1. Would you be able to say whether some residue in region 48-57 is over 25 Å from ARG152 (Cα atoms), surrounded by fewer than 20 Cβ atoms within 10 Å (Cβ to Cβ) and either without any contact (Cβ under 8 Å) to a residue 12 or more places away in the chain or in contact with a strand residue (DSSP E or B) (Cβ under 7 Å, 6 or more places away or on another chain) (or both)?
2. Would a scan of region 52-69 turn up a residue that is within 15 Å of the chain's Cα centre (by Cα) and within 18 Å of LEU139 (Cβ to Cβ)?
3. Restricting to region 1-29, what's the tally of residues that are assigned to a helix (DSSP H, G or I), among the hydrophobic types (A, V, I, L, M, F, W, C) and closer than 29 Å to GLU97 by Cβ?
4. Identify all residues within region 80-125 that are exposed (fewer than 14 other Cβ atoms within 10 Å of the Cβ), part of a helix (DSSP H, G or I) and among the hydroxyl-bearing types (Ser, Thr, Tyr); write none if there are none.
5. Just to check your reading of the model, which residue among PHE32, PHE39 is out of contact with any Leu (no Cβ under 6 Å at 6 or more places or on another chain), modelled with pLDDT of 90 or more and in a helix (DSSP H, G or I)?
6. Within region 128-136, is even one residue under 24 Å from the mean Cα position of the chain (by Cα), surrounded by fewer than 14 Cβ atoms within 10 Å (Cβ to Cβ) and modelled with pLDDT under 90?
7. Being under 30 Å from SER7 (Cα atoms), among the aromatic types (Phe, Trp, Tyr) and either modelled with pLDDT under 90 or in a helix (DSSP H, G or I) (or both), is that true of even one residue in region 141-150?
Amino acid sequence: MSPYVRSAIAGGLQGGVAALVLEVADIVISDFIDILLCFAFMACGFLAARHFAMSQGRAITGGEGVGLGALAGAVGGFLTAAGISIMILSGFGPGQEEINEAIAATGTMEGPAAKAVEFVITYIHVVILVTITAMGSVLGLIGGALGWRVWRPRSEE
């Protein structure tokens, strides 16, 4: 396995676990905690950049930082989305009340609106997976850029 992939997986797993813990805390404690998920996904990229710089014993380039961040954020987002899907399947997930209301509302809808709601409910796990993985990748990219700023070659100052 290449050092890039190893670092991205390491950063993504660390940030993804933190994001999943925050998601559970969001359900149990307060809806405000969701805001911290953005920082957890940014941490994926930052930690991947740190892991790469430390394991390779050299500074990283801007492209490496951004690429590692995007990949690590995608790993963290995928892990978080999988956890959220499992929570929804178990009936404990975020927005469970809204999902149940949407299922109940499809009985009163007709035409294209009913079909659209049924489609989203049927494929909610795919929607969650794609959306959160993409969001994690973008935010991880930002974290990777921040990581590059910390572990860049000092001649670029």
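The values are calculated or read from the model by the stated rules, or taken from the named source; none is laboratory data. For clarity, every value in this text was computed on a predicted model and none was experimentally measured. So basically every Cβ, Gly included, is an ideal-geometry build from the backbone, and we count neighbours across all protein chains shown.
1. No, every residue in region 48-57 fails to be over 25 Å from ARG152 (Cα atoms), surrounded by fewer than 20 Cβ atoms within 10 Å (Cβ to Cβ) and either without any contact (Cβ under 8 Å) to a residue 12 or more places away in the chain or in contact with a strand residue (DSSP E or B) (Cβ under 7 Å, 6 or more places away or on another chain) (or both).
2. Quick first cut of region 52-69, residues within 15 Å of the chain's Cα centre (by Cα) only: 68-69.
From the residues that got through so far, the ones that are within 18 Å of LEU139 (Cβ to Cβ) too are 68-69.
Checked region 52-69: at least one residue is within 15 Å of the chain's Cα centre (by Cα) and within 18 Å of LEU139 (Cβ to Cβ).
3. 10
4. THR122
5. After applying the criteria, what remains is PHE39.
6. The answer is no; no qualifying residue exists.
7. Filtering region 141-150 down to residues under 30 Å from SER7 (Cα atoms) leaves 141-150.
Next, from what is left, pick out any that are among the aromatic types (Phe, Trp, Tyr): 148.
So of that shortlist, the ones also either modelled with pLDDT under 90 or in a helix (DSSP H, G or I) (or both) come out as 148.
Yes, region 141-150 contains a residue that is under 30 Å from SER7 (Cα atoms), among the aromatic types (Phe, Trp, Tyr) and either modelled with pLDDT under 90 or in a helix (DSSP H, G or I) (or both).
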